[in-house]
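The values are calculated or read from the model by the stated rules, or taken from the named source; none is laboratory data. The structure presented is a predicted model; accordingly, all values stated were derived computationally and were not measured. Here the Cβ positions follow ideal geometry from the backbone for every residue, glycine too, while neighbour counts run over all protein chains shown.
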Amino acid sequence: MIHLKNAEFRYGQGFHLKPVSIRIKKATFTVLTGPNGSGKSTLFSLINGIVKPTSGSVTLDGVEVSTLNDRERARFMGMVPQRNAINFDYTVDELVAMGRYPYQKLFSGESENDRKIIDEVIERLDLEYYRNRRIGSLSGGEYQRVLLARVLVQQTDVLLLDEPGNHLDLKHQTMLLNLLSEEVKGGKTVVAVLHDLNQAIHFADYGLLLDDGNCIASGLPREFLTKEMIKNVFDVDMKEYRSAAGGLMFGLAEL
Amino acid sequence: MLSFRKSNPAAVLLTLLIPVIIFVSAAFGAADISFITAVKAVIEHIGLADYDISEPVKLIIMNIRLPRILLSAIAGAGLATAGAVFQAVFQNQLAEPYLLGISSGASLGATIAIIIGSGFLLGSVGSVTFFAFAGSLLTVFLVLAISGGFSKGTGNLGNLLLGGIAVGYIFQAIISFLMMLNQDKMETIVFWMMGSFTFTTWEKVITAAMVVTVCTVIININASKLNILSLGSEEAHSLGVNPQRAGIFFLIVSCMLTAAVVSASGIIGFVGLIVPHLLRVFTGPDHRKLLPASAAGGACLLMLADIAARSMMAPKEIPVGVITAFIGGPFFLIMLRRRRKGAMR
């Protein structure tokens, strides 16, 4: 589905993301992780088509992402950005409805079908009560749900999430990740930047560990994430735990 | 995506107010003409009825008062629309044509057109408008370059405004200098610096009306795109809008808008700041509602400001730009203060 072939990116003389080759399969949950400044966001921007690779290629179902026109791409790939303050206080309904923009023509406006999709998603994500609230009055968790609703309204095959758990408490993080897992079961491809390694192990089918612009490991996170690897990359001593069901977990070693 | 689809009481109410203010305004002035007479004079002129209105009264209404009233309405609609667009593109509710220096750029362009001799390109009004457009466009990209592009609105609020204000000052200084060198044209140029509807002709009204109408319609048709753009470049990208391309498109159209207004009426500040800001309280930020309401609201505000300009110190006239600055300056300071306190998102 998404294929990066020796994709490389340089910010002038600054950051350099060394060539990465990965294949992200359809209906999988992929996690990008690594320390701050390791290149996660750059890789994310490459997949999303915000930046073009300096060399190599990024293709979506065989088509070079950078050659897609803006609306086409937005019908394939939707993104939940990191929480950034929007300077305009739209209502929840208005913001969610913007997810239909890639399907609208200049004079057509919002169709009945658009409305139906918006209403369904709003109901599914339990946002009915907030519909006419202004986004400025929402809590972090509520706002994140609104952004998620917008990307679902966009009806894309691929969902990209940049640190979706940021600003969320534990309950909301879990809810969000469960919801994403459901989407994956429903056939969507999810790519998320995550910091929490335990969540990566628990939820992801595929993962990428980046360090200083290098992709140093890829595959099943529970296989490549070892305490040696974590020490090496994050410079933190962790201890491995096993849950009753045999699942792997990491905790700080000093505890 | 067409703007009038959703119910928009603010826009409807303000639009209905426009003809009322037109005739109230037509009754103001040195010659004593009542509101009813003004209405009758217009009806008679169009040929719908015959009320036996005297020729001088008809002349005053049709050739002196009506053109300036209509120009003030057109200018108000144009500046308020341009203000709303700049605010969305820069994701910054303090952006507007005057504060960004764009009006000054247009004014410099107009001044140069006057000095090198009007009419050498597109007729006198046409060439002034064209030069004003070139000046405003040059300014917007200059300010953009200084402030580091439109990527993050809040981040470079200071840069954007300081850049705009500095560029505005420099341009006004150049205008003053050009004025000194061309003292014979001083009077015409002074008018550009202050903003006034005093020397309004039908030619100016029609040129401004055409440009403002076309630009406003184009902007309103694309109101949904402006909504998306106002979320910031990353989100715009993921929702299928190329932020650079769309940003430049909107900037060019609103520069054209500003240039048409400035070349007809000079620099009038703060309309683009006050009107969209006040109307967001009623319409919310959705540009499909905000833009039509702003156009109507801007028309009303500037017609009222012009009434004040003509009547406050009658028979002397205060430049209308002075009136809008009296209202807009303090308004701007209040907004700046609220923003610092973090009351505004």
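Structural remarks
- Matching residues, the range A:85-135, being in the same structural domain as A:Ile47 (by TED's automatic domain parsing) and loosely packed, with under 14 Cβ neighbours inside 10 Å: A:Ala85
- Put simply, of A:Val233, A:Val190 the only residue that is crowded, with 18+ Cβ neighbours inside 10 Å and at pLDDT below 85 is A:Val233.
- Just one of (1) touching a strand residue (DSSP E or B) at 6+ places or on another chain (Cβ under 7 Å); (2) within 7 Å of chain B (Cβ to nearest Cβ) fails for A:Tyr101. It is (1).
- Residue tally, condition away from chain B (no Cβ under 12 Å) and either more than 13 Å from A:Asn166 (Cα to Cα) or crowded, with 20+ Cβ neighbours inside 10 Å (or both), over the range A:136-145: 2
- Scanning the range B:227-253 for residues that are more than 10 Å from chain A (Cβ to nearest Cβ) and modelled with pLDDT of 90 or more turns up B:Leu229, B:Phe249, B:Phe250, B:Val253.
- Test: residue in the range A:197-215 that is more than 14 Å from every other protein chain (Cβ to nearest Cβ), in contact with a strand residue (DSSP E or B) (Cβ under 6 Å, 6 or more places away or on another chain) and under 27 Å from A:Tyr90 (Cα atoms): no
- Residue match in the range A:151-168 (condition: at pLDDT below 90, assigned by TED's automatic domain parsing to the domain that holds A:Phe29, touching a Pro at 6+ places or on another chain (Cβ under 8 Å) and not in a loop (DSSP other than H, G, I, E, B)): yes
- Considering the conditions (1) surrounded by fewer than 22 Cβ atoms within 10 Å (Cβ to Cβ); (2) in contact with a strand residue (DSSP E or B) (Cβ under 7 Å, 6 or more places away or on another chain), B:Ser238 is excluded by exactly one of them, (1).
- Test: residue in the range B:264-275 that is in a helix (DSSP H, G or I), closer than 30 Å to A:Glu110 by Cα and within 11 Å of another protein chain (Cβ to nearest Cβ): no
- In the set B:Leu302, B:Leu257, B:Leu290, only one residue is in contact (Cβ under 8 Å) with a residue 40 or more places away in the chain, touching a helix residue (DSSP H, G or I) at 6+ places or on another chain (Cβ under 8 Å), in a helix (DSSP H, G or I) and within 13 Å of another protein chain (Cβ to nearest Cβ); that residue is B:Leu290.
- Restricting the range A:68-85 to residues that are at the interface with chain B (Cβ under 9 Å from one of its Cβ atoms) and in contact with an Asp or Glu (Cβ under 8 Å, 6 or more places away or on another chain), the residue that is farthest from A:Leu177 (Cα to Cα) is A:Asn84.
- Filtering the range A:211-255 to residues that are among the acidic types (Asp, Glu) and farther than 19 Å from A:Lys18 by Cα leaves A:Glu223, A:Glu228, A:Asp235, A:Asp237, A:Glu240, A:Glu254.
- Scope the range B:219-234; condition closer than 23 Å to B:Gly101 by Cα and among the β-branched types (Val, Ile, Thr); matching residues: B:Ile219
- Candidates B:Ile114, B:Ile36 - the one that is in contact (Cβ under 8 Å) with a residue 60 or more places away in the chain and either more than 14 Å from every other protein chain (Cβ to nearest Cβ) or not acidic (Asp, Glu) (or both): B:Ile114
- Residue in the range B:208-222 that is within 9 Å of chain A (Cβ to nearest Cβ), buried (at least 23 other Cβ atoms within 10 Å of the Cβ) and among the small types (Gly, Ala, Ser) present: no
- Listing of helices (runs of 4 or more DSSP H) fully contained in the range B:1-111 that carry 3 or more residues being closer than 26 Å to B:Thr200 by Cα and of a type in the set (Gly, Ala, Ser): B:66-89
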